[in-house]
Amino acid sequence: MTIDLCDVELVGTRLRVRDLRAGDLGVYQRIFTDPHLTRYMGTDSMGVRAAAASFDAARRSRGESPRRKYTLAITAPGEDAMVGTIGLLVEDFGSSAMIGGLVMVPEGTLRAGGIEAGRLMAAFAFGPLGIHRVWAGHRHDHPVMDTVMSGVGLTPEARLRQLYRTQGRWRDVCTYAALRPEWAATATPAERRILALRPTAPREHATTGR
């Protein structure tokens, strides 16, 4: 089985993640212009125009070669309406990728879907992208993200002091990571199917240290 890295769609048991489409702009703007929904992210909320520009940039990244940034919409499996977003950044050294940008709209039916979305992204990184190490971080005072990280299968690593500044204050970030052999041993059947996918074109991501 193969997957097109320019048109990503990953299906789990309760949700799917897919590349952004033009019709997702309204939900994307709603998320990134809302100070409440973005309060634990690494950047402050945006204005409407800045959010639209960010959306356009995320969609353009689909055509980059190699593609290193994946900003995906979260939906229910049988529906197309975007109810959240999650991202993956393939780093330009070694064989590492970062999961980030997880936000779910509060009234959506998948409010507790962050763990599954994170695991789908980890399976995508470890499988089709050939990544060896996946990591993520959260603001140290986030009330539930340590539980999400554990559910995704990431192990605590470090606390980075005052990594970024938002809402007028410097913020510490707690980091977590997983290695492919360890994580793959815990994969569900749906995740194993993603691990087994191969890209339709040869991947150009680095898989060894430079």
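The values are calculated or read from the model by the stated rules, or taken from the named source; none is laboratory data. Bear in mind that the values here come from a model prediction, so they are computed numbers and not experimental data. Cβ placement follows ideal geometry from the backbone for every residue including glycine, while neighbour counts extend to all protein chains displayed. Only protein heavy atoms, including side chains, enter the accessible area calculation; ligands, DNA and RNA are left aside. Shrake-Rupley method; radii C 1.70, N 1.55, O 1.52, S 1.80 Å.
Details
- Taking segment 1-99 and dividing mean pair separation by its residue count, relative contact order in percent (alpha carbons under 8 Å, at least six apart): 27 percent
- Segment LEU89..LEU25, full-extension length gain: 21.0 nm, with 0.36 nm per residue of separation and the alpha-carbon distance subtracted.
- Accessible area ranking (1.4 Å probe, heavy atoms, ligands and nucleic acids excluded), largest first, for ARG180, ARG67, ARG193: ARG193, ARG180, ARG67.
- Taking only alpha carbon atoms, segment 146-207 gives an Rg to Rh ratio of 1.12, where Rh is the Kirkwood radius.
- Shape category assigned to the chain from the gyration tensor of Cα positions, a/c cut at 1.5: rounded
- Contact order relative to length of segment 102-194, as percent, for alpha carbon pairs under 8 angstrom and 6 or more apart: 30 percent
- Using the Cβ of ARG39 as centre and a radius below 13 Å, the other residues enclosed give a net charge of 0, where K and R count +1 and D and E count -1.
- Label-point gap, in nm, between THR2 and ALA53 - each point 7 angstrom along Cα→Cβ: 3.8 nm
- Residue with peak Gaussian network fluctuation, the chain [Cα springs, cutoff 10 Å], from TRP135, TRP170, TRP183: TRP170
- Positive minus negative residues near ALA51 (Lys, Arg vs Asp, Glu; Cβ under 14 Å): -1
- Exposure of ASP92 as accessible area (Å², to 10), given a probe of 1.4 Å and all protein chains: 100 Å²
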